[in-house]
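Input: a single structure, listed below in structure tokens.
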Amino acid sequence: MSITNYLTIDVEDYFHVSAFESTSPPDTWAGRECRVERNTDLILTILDEFNVKATFFILGWVAERYPPLTKKIAENGHEIACHGYLHQRLSLQGRETYRNDIRKAKAILEEQIGAAVIGYRAPSYSITRETSWAFDELLDAGFKYDSSIFPMKHDFYGIPDWPRFAGYAVKTAQGWQDCETIEDDQLAIRELPITTLKIGKKNLPIAGGGYFRLLPYSVTRWGLKRINQHEQQPFVFYLHPWEFDPQQPRMTNISAKSKFRHYLNLDKTEARFCKLLNDFKFMPIADSLV
């Protein structure tokens with residue numbers, strides 16, 4: 001019996017990404033060409049063709065400006081989840097700013113769909129050991145699960161020693177820790193990390209984003225099948241609407257590394273995505289919590 005995996009889409013535009021934060025601060029966003037509607041529509045069309053449902057982590061800034069987009073995603077049977085309001089890493093926000101950010105975004109999304117929003121993903125997966133106070137704020141805001149932790153080392157994110165598969169973040173006397181199961185009286189939130197592939201002692205990225213565009217699809221498929229077949233675990237896969245848009249405006253004054261990461265193989269995303277949907281089974285994260 002094949003395993004059903006979790007497909008997630010982080011709904012943000014090309015100018016929101018953290019790699020561009022110095023050249024594209026929030027006060028410039030309103031003046032930029034927005035392409036998130038058309039790119040998300042393309043994803044919705046593809047998902048409809050393959051009869052696949054996903055979780056859409058929507059940025060509050062996007063939802064506020066394009067209310068019909070949120071409603072269309074929901075009406076197509078997909079899960080609406082929260083990506084915060086402004087796409088800013090937690091380490092740059094501070095706790096009070098973060099509290100206001102997630103509550104504002106959650107309220108916008110819930111007003112638009114008339115239902116509770118229970119899932120969250122931090123901008124750039126930026127819940128780390130240093131920002132684990134975010135779990136307190138997520139629980140206080142009413143979220144039931146988080147999918148922000150990347151169990152690997154990266155210059156923007158990562159908790160390398162966090163478990164690779166779904167479990168819980170639990171509050172202890174030593175702070176927030178990972179745990180496979182919880183007791184009824186424990187303060188905890190369900191955590192679904194971004195999936196990595198374990199090779200030797202290292203966790204390697206395999207399940208989406210720039211890694212999906214960098215690696216040949218045959219390598220991605222091999223790694224994901226290994227997770228399903230050998231480890232008997234579902235994987236969490238992610239993509240962004242801007243990754244389907246090779247014609248997007250080019251940002252200036254960015255580093256060579258950021259340019260490489262962002263623009264590499266954008267013209268291959270759509271075809272690879274179709275192969276992925278054909279090769280694996282998917283569902284929204286919320287379906288696993290029922």
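Each value in this text was obtained by applying a stated rule to the coordinates, not by laboratory testing. What you are looking at is a predicted structure, and each value in this text was computed from that prediction instead of being measured. Here the Cβ positions follow ideal geometry from the backbone for every residue, glycine too, while neighbour counts run over all protein chains shown.
Points worth noting:
- For M283, nonlocal amide neighbours, meaning residues 5 or more places apart or on other chains whose placed amide H falls under 5 Å from its own, are N5, Y6, L7.
- Ignoring lysines fewer than eight residues from K106 along the same chain, the ones with Cα atoms less than 26 angstrom from its Cα are K53, K71, K72, K144, K171.
- On a per residue basis, the convex hull of the C-alpha atoms belonging to segment 123-266 measures out at 143 Å³.
- Under the Karplus curve 6.51 cos²θ - 1.76 cosθ + 1.60, θ = phi - 60°, whole-Hz ³J(HN,Hα) for segment 148-162, x wherever Gly or Pro sits: 10, 7, 10, x, 7, 9, 8, 6, 10, 7, x, 10, x, 9, 6
- Here segment 86-157 is treated with +1 on each Lys and Arg Cβ and -1 on each Asp and Glu Cβ, and its dipole about the Cα centre works out to around 120 debye.
- Close amide H pairs (under 5 Å, H built 1.01 Å from N) link K198 with L204, residues at least 5 positions away or on another chain.
- Modelled this way, with points 7 Å down the Cα-to-C-beta line, the labels at L264 and A141 are 3.1 nm from one another.
- Net charge of neighbours whose Cβ lies under 9 Å from the Cβ of E191, counting Lys and Arg as +1 and Asp and Glu as -1: -1
- Charge tally for T4 (other residues, Cβ to Cβ under 12 Å; Lys, Arg +1; Asp, Glu -1): +1.
- Counting beta carbons within 10 Å around each of W29, W222, W162 and listing the fewest first gives the order W222, W29, W162.
- Beta bridges by DSSP in the chain, antiparallel share as percent, to the nearest 5: 40
- Summed side-chain charge close to K268 - residues other than K268 whose Cβ falls under 12 Å, Lys, Arg +1, Asp, Glu -1: 0
- In order through segment 168-183: 3J(HN,Hα) via Karplus (6.51 cos²θ - 1.76 cosθ + 1.60), integer Hz, x for Gly, Pro: 9, 9, 10, 7, 10, 5, 8, x, 7, 10, 7, 7, 6, 9, 9, 8
- Each residue of segment 212-229 was assigned a 3J(HN,Hα) from its phi angle through the Karplus expression (A = 6.51, B = -1.76, C = 1.60, θ = phi - 60°), giving 5, 7, 6, 7, x, 4, 4, 6, 4, 4, 4, x, 5, 5, 4, 5, 5, 8 Hz with x at Gly and Pro.
- Solution diffusion estimate, µm²/s, Stokes-Einstein, segment 4-288, Kirkwood Rh from C-alpha pairs, 25 °C, viscosity 0.890 mPa s: 129
- Taking other C-beta atoms within 10 Å as the exposure proxy, T252, T97, T70 rank T252, T97, T70 from fewest upward.
- Of all lysines in the structure, the ones whose alpha carbon falls short of 24 Å from that of K198, not counting any fewer than 8 places away in one chain, are K153, K225, K275, K281.
- Among F165, F260, the ranking by other beta carbons within 10 Å of each residue's beta carbon, starting with the fewest, stands as F260, F165.
- Convex hull volume of the C-alpha atoms in segment 1-89, normalised per residue: 106 Å³.
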